[in-house]
Amino acid sequence: RIKQREEWKGLILIAAQLSQIASLIDLDALPPERIRDVRATWPGPHTWVLPCPPRVPVWLRGMHSSLALRISNHRPVIKLCNAFGGPLVSTSANLSGQPAVSGFDDLDPALLVQVDGVLEGETGGLQSPTPIRDAASGMALRG
């Protein structure tokens with residue numbers, strides 16, 4: 001709602017470790033080589049679209065039968081997820097359709113007034129959003 005993003009698109013979740021997202025995915029639906037591919041890139045700046053059980057809410061997965069997930073190696077993310085005790089929604093800090101921002105000073109004031117807080121600090125240092133791959137096919141969906 002804050003980003004003005006259509007619910008059908010789904011969201012990306014980030015976690016500090018696999019145990020924080022294990023109940024949200026169905027690894028049995030993947031061949032062993034695909035699971036190896038996913039695990040080889042985690043923790044790190046790699047987002048995977050993984051099969052998920054139907055009980056995962058539509059507001060998370062959108063119109064999909066899968067969920068976009070990342071186990072991060074970014075220290076502030078790890079600390080936040082561990083403090084919260086689970087995964088968090090990961091999204092660019094912009095209104096839907098607007099350019100992504102890379103620093104606090106670039107945040108849209110219209111967005112800032114809608115959030116409870118902002119954690120200032122360094123980003124992960126990537127020049128573009130994390131790549132997204134489909135775990136079932138290995139196909140690149142972004143980057």
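The values are calculated or read from the model by the stated rules, or taken from the named source; none is laboratory data. Just so it is clear, the model here is predicted, and its values are computed rather than measured. Cβ atoms come from the backbone with ideal geometry, glycine included; neighbour counts cover every protein chain shown. Note: areas computed on protein heavy atoms with side chains; ligands, DNA, RNA excluded. Shrake-Rupley method; radii C 1.70, N 1.55, O 1.52, S 1.80 Å.
Filter the stretch 99-137 down to residues that are touching a Phe, Trp or Tyr at 6+ places or on another chain (Cβ under 8 Å) and either open to solvent by 50 Å² or more (accessible area, probe 1.4 Å) or assigned to a loop (DSSP other than H, G, I, E, B) (or both) and give me whichever is nearest to residue 5 (Cα to Cα).
118
Answer yes or no: is there a residue in the stretch 67-85 that is touching a Cys at 6+ places or on another chain (Cβ under 6 Å), assigned to a strand (DSSP E or B) and open to solvent by less than 60 Å² (accessible area, probe 1.4 Å).
yes
When residues of the stretch 40-67 are filtered for being more than 23 Å from residue 122 (Cβ to Cβ) and touching a strand residue (DSSP E or B) at 6+ places or on another chain (Cβ under 7 Å), how many remain?
Selection size over the stretch 40-67: 11.
Can we say residue 96 is farther than 18 Å from residue 19 by Cβ, open to solvent by less than 80 Å² (accessible area, probe 1.4 Å), hydroxyl-bearing (Ser, Thr, Tyr) and in a loop (DSSP other than H, G, I, E, B)?
Judged against the criteria, residue 96 is a match.
Find the residue count for the stretch 93-122, including only residues that are free of Cβ contacts under 8 Å to residues at least 40 places away in the same chain and of a type in the set (S, T, N, Q).
Counting residues in the stretch 93-122 that are free of Cβ contacts under 8 Å to residues at least 40 places away in the same chain and of a type in the set (S, T, N, Q) gives 2.
Which condition number does residue 12 fail, the rest of (1) open to solvent by 50 Å² or more (accessible area, probe 1.4 Å); (2) within 21 Å of residue 96 (Cα to Cα) being met?
(1)
When the stretch 15-39 is examined, which residues are found to be of a type in the set (Val, Ile, Thr) and either open to solvent by 60 Å² or more (accessible area, probe 1.4 Å) or over 25 Å from residue 125 (Cβ atoms) (or both)?
Hits for the stretch 15-39 are 25, 35.
Can you name the residue in the stretch 40-58 that is part of a helix (DSSP H, G or I) and surrounded by 12 or more Cβ atoms within 10 Å (Cβ to Cβ) and is also modelled with the highest pLDDT among such residues?
41
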